[in-house]
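The values are calculated or read from the model by the stated rules, or taken from the named source; none is laboratory data. Only a predicted model underlies this, so the values are computations on that prediction, with no experimental measurement involved. Positions of Cβ are generated from backbone atoms using ideal geometry, with glycine treated the same way; all protein chains shown enter the neighbour counts.
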């Protein structure tokens, strides 16, 4: 009869014993998620060097009936890359698959392995005179494989789309250990089912993404970044519509931040100063990217701001005069989650609703949350241009955050997710479902949709060894 030692010996023979971690001091960093919400156990952490070694490990796992948990930079926010507490699973780290295989400036593509750090891909593209536009706060440590597995969004979705829209082809290792080479840099390919889109967003539950062909774009000749103060989310929606009409595809960023968000940033990061002389209910970070010239971008921006002030949409505005000021504006936005963490435990929601319904959603849901949890503080910010809000709830002032979560987390989650559902939205816009929301998704998806997802899982991973308990709730898998 095969033993756990036999499995480890086979893995060591396939990838080298130095890359099979079993000691606690080697495995600890792989067993807890970024938020510290989940900590699991694993019989080993496996670190293959290339797709052939990944395939070998999946064949070994199939032979010994071992479940695998693929992991990239371990920056996920839904526990999708953390093993369970049984100790029977193995973590499959893709960190050593970190090579840029090819860059084609004419085809505007770059082919990279799954363990490439997002910021490194951006840098390589920039050195070739191209832009890879996926950008998010964790870009210095998250990996392309994780970005694709969760269909990451970020700040550029408004113009460039999310990870799925930025990917043209994939290389995937199946649960049986076969390698599917779909690394085709084609914009048009009507030859059957779109397997690429099936694996993107699947969080490693159907197979392991080992490489991808990604879209590139020309580097912009100029960028204009501004912070605009507004009275309400409704005014922000009106400004978004105006900006899209005046600037068209030049609009690349449109981020909404409530006043309380910026108060938290100022409280915990005093060097990041509030940009206006007086407080305003809402602030929008707006950015234009122009491939023509700085002059052209400024002219369009001035037309936009003139119309916005005339219509009473914008109460005040500050324009970045250089790259450092632009970076400072983005720092305000990107430090909101960090300020929340400093303030204490909170209840996070990564949701999306149709853009036209955002103001109504905020107004209605704020009222419902206040009824269920008096004194709760709303930390609402996000990518208004694509309908994605981080709708977070902080404990009352001087309240005990742990007790607040214990008393109200379930009720608040239900209130928020029910409201999202009424507004025809999604309870996970860009973080994935992981283990955090697998059960919640089953609550809101139709029986037909769940049955289709279960059929796909059964067809591609009939033994349920790929990242079990993620995306599909255990009882639904």
message: Here is a check on your reading of the model: is residue 379 touching a helix residue (DSSP H, G or I) at 6+ places or on another chain (Cβ under 6 Å) and farther than 28 Å from residue 273 by Cβ?
response: no
task: Quick one: count up the residues across region 111-137 that are touching a helix residue (DSSP H, G or I) at 6+ places or on another chain (Cβ under 8 Å) and not in a strand (DSSP E or B).
output: 11
statement: Going through (1) closer than 30 Å to residue 365 by Cα; (2) buried (at least 19 other Cβ atoms within 10 Å of the Cβ); (3) touching a helix residue (DSSP H, G or I) at 6+ places or on another chain (Cβ under 8 Å) one by one, residue 333 fails only at (3)
- prompt: Hey, does region 67-77 have a residue that's surrounded by 24 or more Cβ atoms within 10 Å (Cβ to Cβ) and at pLDDT below 95?
  reply: yes
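Checking the condition buried (at least 18 other Cβ atoms within 10 Å of the Cβ) and not in a strand (DSSP E or B), which residue from 285, 237, 256 passes?
Values: 285 fails: not in a strand (DSSP E or B); 256 fails: not in a strand (DSSP E or B).
After applying the criteria, what remains is 237.
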- line: Residue set 213, 112; condition crowded, with 19+ Cβ neighbours inside 10 Å, within 21 Å of residue 71 (Cβ to Cβ) and in contact with a strand residue (DSSP E or B) (Cβ under 9 Å, 6 or more places away or on another chain); output residue 112
- prompt: With (1) surrounded by fewer than 18 Cβ atoms within 10 Å (Cβ to Cβ); (2) farther than 20 Å from residue 136 by Cα as the list, and residue 290 as the residue in question, which single condition is left unmet?
  reply: (1)
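Among 421, 417, which is within 20 Å of residue 436 (Cβ to Cβ), at pLDDT 95 or above, surrounded by fewer than 17 Cβ atoms within 10 Å (Cβ to Cβ) and touching a helix residue (DSSP H, G or I) at 6+ places or on another chain (Cβ under 8 Å)?
Numbers: 417 fails: surrounded by fewer than 17 Cβ atoms within 10 Å (Cβ to Cβ).
Result: 421 is the single residue among 421, 417 that is within 20 Å of residue 436 (Cβ to Cβ), at pLDDT 95 or above, surrounded by fewer than 17 Cβ atoms within 10 Å (Cβ to Cβ) and touching a helix residue (DSSP H, G or I) at 6+ places or on another chain (Cβ under 8 Å).
Residues are listed down the side, and each one gets a yes or a no for (1) touching a residue at least 40 places away in the same chain (Cβ under 8 Å); (2) over 21 Å from residue 430 (Cα atoms); (3) not assigned by TED's automatic domain parsing to the domain that holds residue 203:
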{"site": "39", "(1), (2), (3)": "yes, yes, yes"}
{"site": "50", "(1), (2), (3)": "yes, yes, yes"}
{"site": "53", "(1), (2), (3)": "no, yes, yes"}
{"site": "58", "(1), (2), (3)": "yes, yes, yes"}
{"site": "76", "(1), (2), (3)": "yes, no, yes"}
{"site": "80", "(1), (2), (3)": "yes, no, yes"}
{"site": "130", "(1), (2), (3)": "yes, yes, no"}
{"site": "133", "(1), (2), (3)": "yes, no, no"}
query: What residue, of 410, 444, is touching a helix residue (DSSP H, G or I) at 6+ places or on another chain (Cβ under 7 Å) and either on the phi < 0 side of the Ramachandran plot or at pLDDT below 95 (or both)?
result: 444
query: Which of the residues that make up region 1-20 are at pLDDT 95 or above, out of contact with any helix residue (DSSP H, G or I) (no Cβ under 6 Å at 6 or more places or on another chain) and more than 11 Å from residue 47 (Cα to Cα)?
result: 8, 9, 13
- request: Quickly run through region 233-249 and pick out the residues that are at pLDDT 95 or above and out of contact with any helix residue (DSSP H, G or I) (no Cβ under 7 Å at 6 or more places or on another chain).
  value: 235, 238, 241, 244, 245
- prompt: Considering region 259-274 alone, what residues qualify as being in contact with a strand residue (DSSP E or B) (Cβ under 8 Å, 6 or more places away or on another chain) and surrounded by fewer than 20 Cβ atoms within 10 Å (Cβ to Cβ)?
  reply: 259, 260
message: Tell me whether region 148-171 contains one or more residues that are over 28 Å from residue 352 (Cβ atoms), over 16 Å from the mean Cα position of the chain (by Cα), assigned to a loop (DSSP other than H, G, I, E, B) and at pLDDT 95 or above.
response: no
query: When you look at residue 227, is it assigned by TED's automatic domain parsing to the domain that holds residue 278, modelled with pLDDT of 95 or more, in contact with a helix residue (DSSP H, G or I) (Cβ under 9 Å, 6 or more places away or on another chain) and not in a helix (DSSP H, G or I), yes or no?
result: yes
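Could we say that residue 449 is under 22 Å from the mean Cα position of the chain (by Cα) and outside the structural domain of residue 58 (by TED's automatic domain parsing) here?
Here the answer is no, as residue 449 does not meet what is asked.
Provide a single number: the residues in region 332-360 that are on the phi < 0 side of the Ramachandran plot and touching a strand residue (DSSP E or B) at 6+ places or on another chain (Cβ under 8 Å). Even if it seems obvious, please write down each step before you answer.
Taking region 332-360 and keeping what is on the phi < 0 side of the Ramachandran plot, we get 332-343, 345-360.
Subset that is touching a strand residue (DSSP E or B) at 6+ places or on another chain (Cβ under 8 Å): 332-333, 336-337, 340, 343, 346-353, 358.
Residues meeting the conditions: 15.
Looking for whichever is under 29 Å from the mean Cα position of the chain (by Cα) and modelled with pLDDT under 95 here; the options are 26, 33. Which one fits? Outline the logic, then answer.
Details: 26 fails: modelled with pLDDT under 95.
When all the criteria are applied, what remains is 33.
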- line: Of the conditions (1) touching a strand residue (DSSP E or B) at 6+ places or on another chain (Cβ under 8 Å); (2) over 19 Å from residue 95 (Cβ atoms); (3) in contact (Cβ under 8 Å) with a residue 60 or more places away in the chain; (4) part of a helix (DSSP H, G or I), the single one that residue 198 does not satisfy is (1)
